[in-house]
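The values are calculated or read from the model by the stated rules, or taken from the named source; none is laboratory data. Values in this document were obtained by computation on a predicted structure and should not be read as measured data. Glycine also receives a Cβ, built like all others from the backbone with ideal geometry; neighbour counts cover every protein chain displayed.
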Amino acid sequence: MVARRRYLVLALWAAVLAVAGILYPVLESRLGAPDYTVRNSESAKTQSLLTEHFWDLGAEQDVVVFRSATHTVASPEYRRVVERIIETVKNGSGVTEVESPYADGRGEQISADRRVALAVLGMRGTEAQRAFVAARLQDRIERQSAGTGVEAYLTGPSPLTNDLSDIELRDQRTAENIGIPLALVVLLFALGALAAALLPILVALSSVLLCSALLVPLAFPLHLDRFVTVVATVIGIGVGIDYALFVVSRFREELAARTPFGKRASREAIDTSIGLALRTSGRTVITSGLIVIVALGSMLVINGHIFMEIALATSLVVACCLLTSLVLLPAMLAVLGDRVNFGALPRRMRPPDISGNGTAAVGLWGRWAAFVLRHPVLTGLPALALLILASLPLTSIKLGIDWGLAALSETRSGKGQQIVTQSFTAGAVGPVQVTTCKPRPIAAPELDRVASLTATLARHPHVESVTSVTSELDRAFGGHTEAHLRRAAAVPEARRELNRIVDLDRGGRCTYLSIILNQAVDSPEASALVRDLRDQHAPDAFRGTGAEVHVGGLTAQYVDLSDETSSKLPLVIAIVLGLSFVYLLLVFRSVLIPLKAVVLNILATTAALGLTVFVFQFSHGDWLLGFTSVGTLQAYLPVALFALLFGLSMDYEVFLVSRIQEEYERSGDNDRAVVVALSHTARQITAAAAIMAAVFGSLLLADVLELKQFAFGLAVAVVIDATIVRMLLVPAAMGIAKRANWWIPDFLNRLLPAANWARETESIPAEERTTHV
């Protein structure tokens, strides 16, 4: 039907893509910072309590950093700049309060050399709202400090992630500018003609553009961040090119078999070839795409918001790749017909089966397949050992969160963070937060417990300072008894200050402790302190009081994400493996084929993850890839990579095994089917892997460490899968199993619904083909 209505289909697609192009800037404007929140976690509960009981603190605390090489904080010029900017910040919507370094008792906000000062502000609202407010304030602060002799920068969670988002956008553009031309070169040599090579590029770009339009309505109720869209874009380009490559290759093969040499292809031959390409490679693409979507959807069982974003965006872009490959691409093929071979390379540069020099079982790949089938153990065992060896570093994996500060050194927020670290402490921007709440107002026993916890934490080697109700009472009134608290509450100015750490105006039932560390918020030392607080210090301090104690803050959020990831990883793996096995069982009507596919894909995936640990955690190759190891992988990386890699690995498995099954249905000879199938698909699989590696590998030039980790894992995985697994282990395993590859118990065969697509092909037998341009 698509072939008959080709011009209507193309017109409709042109309209859809035009609308998508118009909507793209809308999506760009809605993208924000990554949200590492884990639903119902300790850190999420802490944030909720702070928002409810300590409204003035805001949802996050940021800092305006002032520095001058020519003035000190005591100079009138310095003070005028600070007060003018503070007034501007105070008047901005979304800001709860601003603590001036010139206020009484704020000496800790001035550096020892008296050239750096901090103004602390709270921001309320959602992640997206805070990101917008931070961007607006950053611009105003820069304008008001220009030419004054006093530098001023806004830094903190939202400003830093805003700048990180801009860098990720730049990295995405760089990857596209490198990856797409490289993909075109590979396609040109793989397909032998310019027109054929351009089609997969057009399909991939159309898929990404369509996906961006579909994300627009989701970006309003949901929080989407730049990192997720970068990953979705790269996945869309790689997968879209792969799927289109498989369909275009099969179409040209079928069309060449139905067109006499030197003649133009008839309309009947074109339409028939499109139909057969869709019933064979098209259905293979559907099978592969659905498995990828299932694998990605498994991440929805994890409570982390970022996993929902990754699952949603990447599943959607894969679905768009399926749609464009099965609707837009056939329409373009129907219009082009045999003009798909326009811009053909010189004959000596074309692939053998395109120039008509090969037969079903002749050529390099056919001879290689025959060799592997004759020596399955000799070829299979070393390949298996290599994958196991590559997987070993995975046993030592350490998870954490890298805030990306190394990539932010030249940004405004990054400069502010560097000044804070140099003049104060690395943890000043992201304090650890402890809340305690009881059914009744705070009294002497609770004050004693707070004082005890404050003293314990103050002695900790990684703690710079602790602010609590007792520390503030001790500083202002010389004690922290219940009488001191009542006395402070009776003084309006003191009450206002105390309301930041005791909810006096809301019943006085909750207290807040702010713990500034001398370590970076994303450091292992900070994470260890959060765990100690939760497991030992806080429970010991409030045991038997009935107080509800929660530990939160940025570091705690990272710890919760890491714990959630680790605890749900087995469930994700079980879902992916189970559903993939059942689906492949249904498609191939075989027990051994899906079992082999699952086992080999696990090996390929774990090998890729193991090499990622070896490079990024153990710091091998940092000089080559341009990064400094933080000693961990991003907390969400193993789960996200497992889902992505397992799904993508199925591309080549399904494509190869579908062709093997197709040939086996014709001949009944397992070894011949493997040789013929590998002869016809190895070039496409190799080209597809080279394209994926080029697209993913281009992100290795990114400045952001998490993008490098993602890119490396994806690129290595497709190379391993297309070479070691598909060209060695699959034919070796199928050569050993012989006819058992296709065995299925009779009772199971009767129970399963008919879904064996390979049997529906009407393709010309391989031995009768004469391929040519």
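The table for this structure:
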| quantity | calculated |
| --- | --- |
| Identity of the residue in the stretch 577-590, in a helix (DSSP H, G or I) and small (Gly, Ala, Ser), that ends up modelled with the lowest pLDDT | 580 |
| Residue match in the stretch 686-701 (condition: β-branched (Val, Ile, Thr) and under 28 Å from residue 256 (Cβ atoms)) | yes |
| Out of 551, 615, sole residue that is part of a helix (DSSP H, G or I), closer than 25 Å to residue 633 by Cα, in contact with a helix residue (DSSP H, G or I) (Cβ under 8 Å, 6 or more places away or on another chain) and not charged (D, E, K, R) | 615 |
| Unique residue being in contact with a Lys or Arg (Cβ under 8 Å, 6 or more places away or on another chain) and not in a strand (DSSP E or B) when the list is 439, 461 | 439 |
| Residue check, residue 541 touching a Lys or Arg at 6+ places or on another chain (Cβ under 7 Å), of a type in the set (A, V, I, L, M, F, W, C), outside the structural domain of residue 731 (by TED's automatic domain parsing) and at pLDDT 90 or above | yes |
| Helices (runs of 4 or more DSSP H) contained entirely in the stretch 633-724, each with at least 1 residues that are more than 20 Å from the chain's Cα centre (by Cα) and among the aromatic types (Phe, Trp, Tyr) | 637-667 |
| All positions within the stretch 265-319 that are small (Gly, Ala, Ser) and within 20 Å of the chain's Cα centre (by Cα) | 289, 295, 297, 298, 304, 311, 313, 315, 319 |
| Candidate set: the stretch 47-69, residues that are assigned to a helix (DSSP H, G or I) and surrounded by fewer than 17 Cβ atoms within 10 Å (Cβ to Cβ); chosen: the one modelled with the lowest pLDDT | 56 |
| Within the stretch 690-716, tally of residues that are under 22 Å from residue 368 (Cβ atoms) and surrounded by 24 or more Cβ atoms within 10 Å (Cβ to Cβ) | 2 |
| Complete set of residues in the stretch 377-400 that are among the β-branched types (Val, Ile, Thr) and either touching a strand residue (DSSP E or B) at 6+ places or on another chain (Cβ under 9 Å) or not assigned by TED's automatic domain parsing to the domain that holds residue 596 (or both) | 397 |
| Condition met for residue 72 (assigned to a loop (DSSP other than H, G, I, E, B), outside the structural domain of residue 268 (by TED's automatic domain parsing), surrounded by fewer than 21 Cβ atoms within 10 Å (Cβ to Cβ) and over 30 Å from the mean Cα position of the chain (by Cα)) | yes |
| Looking only at the stretch 262-272, and only at residues there that are free of Cβ contacts under 8 Å to residues at least 60 places away in the same chain and not basic (Lys, Arg), the one that is nearest to residue 654 (Cα to Cα) | 272 |
| Residues (more than 19 Å from the chain's Cα centre (by Cα) and of a type in the set (A, V, I, L, M)) located in the stretch 608-624 | 624 |
| The stretch 1-40 - residue that is polar (S, T, N, Q) and within 21 Å of the chain's Cα centre (by Cα) and, of those, nearest to residue 521 (Cα to Cα) | 37 |
| Among (1) farther than 18 Å from residue 695 by Cα; (2) surrounded by fewer than 24 Cβ atoms within 10 Å (Cβ to Cβ), the one test that residue 205 misses | (1) |
| Test result for residue 531, at pLDDT below 90, basic (Lys, Arg), out of contact with any Cys (no Cβ under 7 Å at 6 or more places or on another chain) and surrounded by fewer than 22 Cβ atoms within 10 Å (Cβ to Cβ) | no |
| Qualifying residue in the stretch 577-590 (condition: in contact with a His (Cβ under 8 Å, 6 or more places away or on another chain), within 26 Å of residue 290 (Cα to Cα) and assigned by TED's automatic domain parsing to the domain that holds residue 713) | no |
| Count - residues of the stretch 461-488 that are under 23 Å from residue 49 (Cβ atoms) and either under 39 Å from the mean Cα position of the chain (by Cα) or outside the structural domain of residue 520 (by TED's automatic domain parsing) (or both) | 5 |
| Failed criterion for residue 671 (all others in (1) at positive phi; (2) at pLDDT 90 or above hold) | (1) |
| Spans of helices (runs of 4 or more DSSP H) in the stretch 255-358 with at least 3 residues in contact with a helix residue (DSSP H, G or I) (Cβ under 7 Å, 6 or more places away or on another chain) and among the hydroxyl-bearing types (Ser, Thr, Tyr) | 283-297 |
| Residue identified as free of Cβ contacts under 8 Å to residues at least 24 places away in the same chain, over 22 Å from residue 210 (Cα atoms) and of a type in the set (Ser, Thr, Tyr) among 68, 75 | 75 |
| Residue match in the stretch 567-576 (condition: part of a helix (DSSP H, G or I), in contact with a Pro (Cβ under 7 Å, 6 or more places away or on another chain) and of a type in the set (A, V, I, L, M, F, W, C)) | yes |
| Flag for residue 545 being of a type in the set (S, T, N, Q), farther than 30 Å from residue 426 by Cβ and in a loop (DSSP other than H, G, I, E, B) | yes |
| Residue match in the stretch 212-220 (condition: surrounded by 24 or more Cβ atoms within 10 Å (Cβ to Cβ) and assigned to a helix (DSSP H, G or I)) | yes |
| Tally of residues being closer than 16 Å to residue 436 by Cβ and in contact with a His (Cβ under 8 Å, 6 or more places away or on another chain) across the stretch 513-549 | 0 |
| Residue identified as modelled with pLDDT under 85 and in contact with a Gly (Cβ under 6 Å, 6 or more places away or on another chain) among 354, 270 | 354 |
| Selection count where residues are surrounded by 14 or more Cβ atoms within 10 Å (Cβ to Cβ), among the aliphatic types (A, V, I, L, M) and in a helix (DSSP H, G or I), scope the stretch 360-391 | 9 |
| Pairs, first at pLDDT below 90 in the stretch 431-456, second of a type in the set (Asp, Glu) and assigned to a helix (DSSP H, G or I), C-beta under 8 Å, six or more apart | 438/446; 443/482; 444/482 |
| Residues of the stretch 31-88 classified as closer than 30 Å to residue 233 by Cα and among the hydroxyl-bearing types (Ser, Thr, Tyr), total | 2 |
